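Data first, discussion second: the structure below is written as structure tokens.
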Amino acid sequence: MRIGMLTGGGDAPGLNNVIKGVVTQGIKKYDYEFVGFLDGWKGPLEGLTKSIGLSDVAYIHDRGGTILGSSRTNPMKIENGVARIEENLKKHEIDALIAIGGEDTLGVATQLHKHDFKVIGVPKTIDNDLSNTDYTFGFQTSVAIASEAVDRLHTTARSHHRVLVVEVMGRHAGWIALETGMSGDAAVTLIPEEKYDINQVVTWVKERYARDQYAIVVVAEGALSLDGDLVTKDASLDAFGHVKLSGVGDSLAARIEDLTGFETRSVVLGHLQRGGTPVAFDRNLGQRLGLKAAEAVNEKQFGQMVALHGTEVVLVPLESATGVLKTVPAARYQEAKAFFGA
Ligand code: F6P
């Protein structure tokens, strides 16, 4: 059998581990051949491929990014997109396709499955916001990077008696902010799931400042105040209709400085959170998901996605990952709030 594989959307540490898992299991156990499609859905749309063998997945266990490249190309928005993909899969004699991606990539995979394509999904996003899987790989690495940054910011904020606002990724879900803020002893953490009241934020910052003469605030890029709009980088949209976020840290820092008189600066961690070496959890999760995806192809479980339930890797319907986003439950945010202020 010839299996196609692609990685789409924003990259996440652990992608190469998934590829390693799929290829290792597929070749050693099932004698499959692999065709890598390059740059997400752009690969099957334009016929951009490279063959992948065992030697290509040797020593990629600790490499961030994806050896297949990625993009946010949306074939559903391109004329004859589905037909062009079908043609290229035929041309390359592909029997099944493994799509590794987040909400958008798996959303396209779900549509293609409805067009009778033989697709298996692998959930990926540093945001950890896909439903029906307990964790997505990449998330733990992002939290580790952001927490280390916050630890470093504590010492400089303390020395200069400043408030430092740290903006982390998280468009619709505040998982990265929640876990970074809690592990990094933030005075306040703000997430997209709950609109914030600037006066309450200021109260928490003042309390912490009175105790420590400095404070750290963690804010997710998609966080919203009760009286404000989403802060975006510019007005442009990507192929899936998403605005580019970033800027909430700056505007929040300006408001805090204004209302407290404390010198306040902001730091945007941005793509640092997606780059570099995956932590062991993400490497192993990626590799286990990859093994299971190859098995799912062998068992002809098309239209399914591999997922982590507790400690087990299982199969769930593709659709169930993307219908509703997995956001931070109010009770989890409540736990974090116990540490806000002083
Ligand atoms: O992949 C998820 C994510 O990292 C979001 O947290 C973030 O909003 C977005 O990607 C940024 O995407 P891009 O790199 O395309 O600007």
- Give me a count of the residues in segment 118-152 that are over 15 Å from Val324 (Cα atoms), away from the ligand (no atom under 16 Å from the Cβ) and polar (S, T, N, Q). 1
- Message: Checking the structure you have, find out if any residue of segment 163-184 is in the same structural domain as Lys300 (by TED's automatic domain parsing), within 16 Å of the ligand (Cβ to nearest atom) and among the acidic types (Asp, Glu).
- Response: no
- Given the residues Leu252, Leu285, Leu259, which is the only one that is closer than 25 Å to Phe137 by Cβ and hydrophobic (A, V, I, L, M, F, W, C)? Leu285
- Task: Please tell me if Gln273 is touching a residue at least 40 places away in the same chain (Cβ under 8 Å) and touching a helix residue (DSSP H, G or I) at 6+ places or on another chain (Cβ under 6 Å).
- Result: yes
- Message: Just to check your reading of the model, which residue among Leu106, Leu130 is outside the structural domain of Gln301 (by TED's automatic domain parsing) and of a type in the set (A, V, I, L, M, F, W, C)?
- Response: Leu130
- Name the residues in segment 221-268 that are within 16 Å of the ligand (Cβ to nearest atom), aliphatic (A, V, I, L, M) and touching a residue at least 24 places away in the same chain (Cβ under 8 Å), would you? Ala223, Leu224, Ala239, Leu245, Val248, Val268
- Task: Confirm whether Thr155 is among the hydroxyl-bearing types (Ser, Thr, Tyr), within 15 Å of the ligand (Cβ to nearest atom) and farther than 17 Å from Ala293 by Cβ.
- Result: no
- Task: Determine which single condition Lys91 fails, assuming it passes every other condition in (1) surrounded by fewer than 24 Cβ atoms within 10 Å (Cβ to Cβ); (2) within 25 Å of Asn17 (Cβ to Cβ).
- Result: (2)
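For segment 151-200, enumerate the residues that are part of a strand (DSSP E or B) and surrounded by 22 or more Cβ atoms within 10 Å (Cβ to Cβ). It would help to see each step written out before you state the result.
Keep residues of segment 151-200 that are part of a strand (DSSP E or B), which gives 163-168, 188-190, 196.
Listed by number, the residues that qualify are Val163, Leu164, Val165, Val166, Glu167, Val168, Val188, Thr189, Leu190.
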- Query: Is there a residue being of a type outside the set (A, V, I, L, M), at pLDDT 95 or above, farther than 25 Å from Val143 by Cβ and within 16 Å of the chain's Cα centre (by Cα) anywhere in segment 2-17?
  - Reply: no
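The values are calculated or read from the model by the stated rules, or taken from the named source; none is laboratory data. Bear in mind that the values here come from a model prediction, so they are computed numbers and not experimental data. Using ideal geometry, Cβ is built from the backbone for each residue, glycine included, and neighbour counts are taken over all protein chains shown.
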